[in-house]
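Undergrad: Following this message is one structure expressed as structure tokens.
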Amino acid sequence: MFRKAEILSRIELRQSTIKDWLSCPLMFRFRHVLKLDPSYRSLAAIHGSVLHLCIHRLHMSGFDLDIGLLYSQALEQVLELESQIPIRWKKGVEEDRLIMKTHAEEILKGYVNHEQNRTSTLMYSEVKFRVRVNGILLTGTIDQVRRNMDRSLELIDLKSGMQRPLKHALKRDWQLNLYAYALRYGEIFIQGTWVRIRMKVHKTSIYFLRAHEIYKRDGKYGKKGSQKGQPWISVEKPSWELIQFKQELRNIIKMMTKDWAYPNTSSCGFCAYRDHCDDRSVMHLRNQFSKVSHLLSQDEEKRQRRGEI
């Protein structure tokens, strides 16, 4: 068992760390406290990281970049990270690469052609932040902060997952609230320097990248050749919500620093730490069998001494 101080010394409190704990406390323990490598890297996670990198470079270098080349170069860069961890390819390396590239070109073309992505002013992209909550330092990376045509400030988180986020859940989205809190009360890293900008965003948004996918045939949800939906999901962000969020975040950190490593079985289907989890279960059974065998042996000795055997 680890004490609070030891857990804090082992982990880095980032938005990804908190996300892992909320997903499964046992997986959080394996990954961040015990520092175990996952059994594999998923294609979905790799693909999402590459899309983020491509969009950042489009904004930095211009929307006229060759999208196919852009994706291929970004993919190679992401694959080099954590190269010691095997990748779980589905259909084979070359075929999966082609599928990912084709899918990415569809999404990135839709992103480039979206009028709002061209008319709004990107203030920050993939910017690092740090902020203290109750004396504990949290760090992370914000996808985007924009100033829109109406002068409003918008905080944007890019999402590449399969399921479209629900708008009513955005007000309580801890990750977006953490970003908004950091912009208001923390610091961001600009040109080699930590700067306190005290920025109050007017709204927070999820940009659902898969909305740019194209229907391949006519159906009840759309016609062939049309996009699958509107990528923007936005909510207003009043100041009082940040005060409420601070208390919620305080409670999350309090729970994270208790060594209660229980599994969330609803997350097992896409967890890369299942092998570690299974090994833990096997080890537990071995210990139980060992205890039972020891007790049976002791009982047999007592019965022999009493002359019952």
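Only the coordinates and a few stated rules stand behind these numbers; no lab work does. This one's a predicted model, so the numbers in the text were calculated from it and none came from an experiment. Neighbour counts run over all protein chains shown; Cβ positions are idealised from the backbone, glycine included.
Undergrad: Using a cut-off of 15 Å between beta-carbons, work out the net charge of the residues near Met255 (Lys and Arg +1, Asp and Glu -1, Met255 not included). Mind dumping the intermediate values first?
TA: Details: positive: Arg3, Lys4, Lys19, Arg29, Arg250, Lys254, Lys258; negative: Asp20, Glu248, Asp259.
Taking every other residue near Met255 into account, the sum is +4.
Undergrad: To the nearest 10 degrees, how steeply does helix 43-61 sit against the main Cα axis of the chain, on a 0 to 90 scale?
TA: 30 degrees
Undergrad: Kindly provide the trypsin sites (Lys or Arg not before Pro) of segment 152-232 that DSSP labels as loop, not H, G, I, E or B, and whose Cβ sees at most 13 other Cβ atoms within 10 Å.
TA: Values: sites: Lys159, Lys167, Lys171, Arg172, Arg184, Arg196, Arg198, Lys200, Lys203, Arg210, Lys216, Arg217, Lys220, Lys223, Lys224, Lys228; in loops: Arg196, Arg198, Lys200, Lys216, Arg217, Lys220, Lys223, Lys224, Lys228.
Within segment 152-232, the qualifying trypsin sites (Lys or Arg not before Pro) (loop, at most 13 other Cβ atoms within 10 Å) are Arg196, Arg198, Lys200, Lys216, Arg217, Lys220, Lys223, Lys224.
Undergrad: Using a Cα-Cα cut-off of under 14 Å, which aspartates and glutamates could be cross-linked to Lys35, ignoring same-chain neighbours fewer than 8 residues away?
TA: Reachable aspartates and glutamates: Glu6, Glu12, Asp20, Glu82.
Undergrad: Also, quick follow-up: 222 nm [θ] for the chain, helices only, -39500 (n - 2.57) per DSSP H run of 4+, per residue, to 500? It would help to have the intermediate numbers written out before the result.
TA: Details: 10 runs with 141 residues, N = 309.
Result for the chain, helices only: -14500 deg cm²/dmol.
Undergrad: Given charges of +1 on the Cβ of Lys and Arg and -1 on the Cβ of Asp and Glu, with all other atoms neutral, how large is the dipole of the chain about its Cα centre, in debye to the nearest 20?
TA: 1040 debye
Undergrad: Give me the net charge of Thr121's neighbourhood, meaning all other residues with Cβ under 11 Å from the Cβ of Thr121; Lys, Arg count +1, Asp, Glu -1. Spell out each step's value before the answer.
TA: Working: positive: Arg118, Arg146, Arg147, Arg151; negative: Glu154.
For residues surrounding Thr121, the net value is +3.
Undergrad: Take the residue pairs Lys128/Lys167; Lys200/Lys223; Lys128/Lys223; Lys228/Lys254; Lys159/Lys237 and return only those whose Cα atoms are more than 29 Å apart. Before the final figure, lay out each step's value.
TA: Working: Lys128/Lys167 26 Å; Lys200/Lys223 40 Å; Lys128/Lys223 41 Å; Lys228/Lys254 41 Å; Lys159/Lys237 19 Å.
The pairs that break the limit, which is 29 Å between Cα atoms, are Lys200/Lys223; Lys128/Lys223; Lys228/Lys254.
Undergrad: Test of understanding: ordering Ser205, Ser234 by Cβ neighbours within 10 Å, fewest first, what list do you get?
TA: Working: Ser205 21, Ser234 16.
Final ranking by Cβ density, sparse to dense: Ser234, Ser205.
Undergrad: Taking the Cβ of Leu170 as the centre, find all other residues whose Cβ is under 15 Å away and add up their charges (Lys, Arg: +1; Asp, Glu: -1). Display every interim value, and only then the final one.
TA: On the way: positive: Lys159, Arg164, Lys167, Lys171, Arg172, Lys203, Lys237; negative: Asp143, Glu154, Asp157, Asp173, Glu236, Glu241, Glu248.
It works out to a net charge of 0.
Undergrad: Identify the chymotrypsin sites (Phe, Trp or Tyr not before Pro) of segment 200-287 meeting these criteria: DSSP loop state and at most 14 other C-beta atoms within 10 Å of the C-beta. Don't skip to the answer; put the middle values down first.
TA: Working: sites: Tyr207, Phe208, Tyr215, Tyr221, Trp232, Trp240, Phe245, Trp260, Phe270, Tyr273; in loops: Tyr215, Tyr221, Trp260, Tyr273.
Filter output for segment 200-287: Tyr215, Tyr221, Trp260.
Undergrad: Still on this model: Any idea how far the Cα center of segment 232-253 sits from the one of segment 85-126, in Å?
TA: Centre-to-centre (Cα) distance: 29 Å.
Undergrad: Same structure, new question: Given Cα pairs under 8 Å that are at least 6 residues apart, what percent is the relative contact order of the chain? The partial results should precede the final answer.
TA: Numbers: 401 pairs, mean separation 62.2, N = 309.
Relative contact order for the chain comes out at 20 percent.
Undergrad: Another question about this same structure. Bin width 5 Å, alpha-carbon pairs only: give the P(r) of segment 6-72 as whole percents, running from 0 to the bin holding the largest distance.
TA: Result returned by the calculation: 3, 14, 18, 18, 13, 11, 11, 9, 3, 0.
Undergrad: Taking Rh as the Kirkwood radius computed over C-alpha pairs, what is the Stokes-Einstein D of segment 37-113 at 10 °C in a medium of viscosity 1.306 mPa s, expressed in µm² per second? Please report the intermediate quantities before stating the final value.
TA: Working: Rh = 12.9 Å.
Translational D for this selection: 123 µm²/s.
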